[in-house]
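Visitor: Sharing a structure here in structure tokens format.
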Amino acid sequence: MDQNDEDIMEDYQSGNHEVIEMIFTRYKNRIINFSLRMLGNRADAEDVTGDVFLALFKKKYTFDPKAKFSTWLFTIARNCCISRIRKRKNIVSIWFTHKDTGSVDQWEIEDTKESSSEALEGRENAVAVKAAIAKLPVEQRESIILREYHDMSYEQISQVLGCSMEKVKILIYRARERLRGELMSFIKEEE
């Protein structure tokens, strides 16, 4: 039978270092996805994910087994993302030019699959949503990502963000309204 996250952390705090692999396996992709949506850059998201797990190792004794582990870990992830956003002001993005076409692209791994018109349309929708989310103020972006992409409750989000549940409700409401306004023209174009 699988242990729950809180029990695994208790074992880890007691010196059983082998159990932490279960936490890493359970949360690696979730933390990368959260960080990617917050930062909009795969390389930064992977770096932040590494930072999150390093922080988990360093701060393992600060975790209270009575608390919900995912909330604690996503709080660390949020703080790491905020730190990365603050540091970005001094970082230059790396761009490169294709030898064949001469077009300029940001350094990312390309999807080599052939895309049908439906896949292309889905990708365009995803790009539009991603761009609209990226335009949201940081707190609204965090709250909507945690709610919609990580299925967290308002209470869990309030704990991650360190604010009241009422503020979370307002943040999510405002984020949804902004997204609706931002994506309205995109939706009308497709009809």
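The values are calculated or read from the model by the stated rules, or taken from the named source; none is laboratory data. The structure presented is a predicted model; accordingly, all values stated were derived computationally and were not measured. Virtual Cβ from ideal backbone geometry, glycine too; neighbours counted across all protein chains shown.
Visitor: Look through segment 97-146, keep the residues that are surrounded by 12 or more Cβ atoms within 10 Å (Cβ to Cβ) and of a type in the set (Gly, Ala, Ser), and return whichever of them is modelled with the highest pLDDT.
Guide: So, considering only residues that are surrounded by 12 or more Cβ atoms within 10 Å (Cβ to Cβ) and of a type in the set (Gly, Ala, Ser), the one modelled with the highest pLDDT is 143.
Visitor: Additional query: Condition check: modelled with pLDDT of 85 or more and more than 27 Å from residue 138 (Cβ to Cβ). Does residue 51 satisfy that? So that I can check it myself, show each step before the final result.
Guide: On the way: modelled with pLDDT of 85 or more: yes; more than 27 Å from residue 138 (Cβ to Cβ): no.
In short, no.
Visitor: Mind checking which residues of segment 158-191 are at pLDDT 90 or above, among the hydroxyl-bearing types (Ser, Thr, Tyr) and part of a helix (DSSP H, G or I)?
Guide: 158, 173
Visitor: Just a yes or no: is a residue in segment 147-157 part of a loop (DSSP other than H, G, I, E, B), among the aromatic types (Phe, Trp, Tyr) and surrounded by fewer than 20 Cβ atoms within 10 Å (Cβ to Cβ)?
Guide: Within segment 147-157, one or more residues are part of a loop (DSSP other than H, G, I, E, B), among the aromatic types (Phe, Trp, Tyr) and surrounded by fewer than 20 Cβ atoms within 10 Å (Cβ to Cβ).
The rows are residues; the columns are (1) among the hydrophobic types (A, V, I, L, M, F, W, C); (2) outside any helix (DSSP H, G or I); (3) farther than 30 Å from residue 135 by Cβ; (4) over 22 Å from the mean Cα position of the chain (by Cα).
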{"site": "18", "(1), (2), (3), (4)": "no, no, yes, yes"}
{"site": "24", "(1), (2), (3), (4)": "yes, no, yes, no"}
{"site": "28", "(1), (2), (3), (4)": "no, no, no, no"}
{"site": "46", "(1), (2), (3), (4)": "no, no, no, no"}
{"site": "52", "(1), (2), (3), (4)": "yes, no, no, no"}
